[in-house]
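The values are calculated or read from the model by the stated rules, or taken from the named source; none is laboratory data. In this text the structure is predicted, and so the values were computed from the model without any measurement. Cβ: placed from backbone, ideal geometry, glycine included. Neighbour counts: every protein chain shown. Keep in mind that these areas ignore ligands, DNA and RNA; they rest on the heavy atoms of the full protein, side chains included. Shrake-Rupley method; radii C 1.70, N 1.55, O 1.52, S 1.80 Å.
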Amino acid sequence: LQTVKYKFSNPNKVLIGLNLKVKATDYIQFYAQLASDDPKNKKNAYQIGIKFFDALYGKLNNHNLYLQAEYNTAKNDIYKNTERYTTWSHYNQDLTHPLGTNFNEFVFISRYNFKNFFVSFKYTDAETNQIFSDIFYLNDIDNKPDTKIKISHKTIFAGYIINPRYNFRIYAGADIREIDKIKEKYIFAGISTNISNFYYDF
């Protein structure tokens with residue numbers, strides 16, 4: 001109703017959005033999101049992706065392969081405002097995306113399970129701007145220096161599920177991060193589980 005009354009000229013930063021999910025088959029889903037706070041000036045953000053459940057189509061017993069790919073982008077200072085405290089943030093943290101705004105990102109995720117063994121791989125490739133993307137930086141966009149940076153992040157880990165009911169598992173893996181040719185490598189191992197909380201005090 002606020003958008004209908006004030007259109008996009010409201011200083012309170014009206015934002016509209018749309019979610020879409022299409023189930024193409026029992027194994028394939030397409031999804032998308034669109035957000036805009038000023039279509040006239042092309043202040044838009046969108047996401048488009050595909051999920052492939054059981055990419056082996058159940059042809060091999062005890063085998064399961066999951067694939068997911070998505071593209072995210074935010075343009076022209078969307079999520080910013082003329083006032084620092086009315087940007088899309090909470091306690092000085094971005095509410096929409098860790099990269100803020102003015103970025104392009106590609107994400108690929110794959111998981112393979114065989115009985116209680118699993119392998120997971122995630123790859124993220126992004127291009128952003130150290131100043132453009134900061135939703136708290138409110139100076140005129142034409143006066144900002146060009147500080148584009150590229151980010152690459154790869155994570156692979158494997159493990160064994162000890163108790164499937166609580167997803168109690170042990171795992172180990174490697175993490176490689178690269179920002180403008182500065183590369184960091186990590187090796188990790190751990191134990192994790194999911195424990196359900198039941199509250200009866202209401």
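Quick notes
- The stretch 1-131 - percent relative contact order, Cα under 8 Å, separation 6 or more: 18 percent
- Between 65, 20, 99, the Gaussian network model of the chain with springs among Cα atoms under 10 angstrom shows the greatest mean-square fluctuation at 20.
- Residues whose placed amide H lies under 5 Å from that of residue 131, excluding near-sequence neighbours: 147
- Rounded to whole Hz, the Karplus (6.51, -1.76, 1.60) HN-Hα couplings of the stretch 39-52, x for glycine and proline: x, 4, 9, 6, 8, 10, 9, 8, 9, 9, x, 9, 10, 10
- Residues of type lysines that residue 23 reaches as a straight line, Cα spacing below 26 Å, ignoring anything fewer than 8 places off in the same chain: 51, 59, 122
- Computed with a 1.4 Å probe over protein heavy atoms only, the accessible area of residue 53 comes to about 80 Å².
- Measuring nothing but protein heavy atoms, the accessible surface of the chain at 1.4 Å probe radius is 56 percent carbon and sulfur.
- Shape of the chain, Cα gyration tensor, a/c cut at 1.5: prolate
- Per-peptide average of other Cβ atoms within 10 Å, ordering 36-48, 180-192, 163-175 highest first: 36-48, 163-175, 180-192
- Rolled with a 1.4 Å probe across the full set of protein chains, the surface gives residue 63 an accessible area near 50 Å².
- 21 Å Cα-Cα threshold exceeded, pairs from 154/185; 75/181; 75/150: 75/181
- Distance between the pseudo-spin-label points of residue 7 and residue 33 (7 Å out from Cα toward the beta carbon): 2.8 nm.
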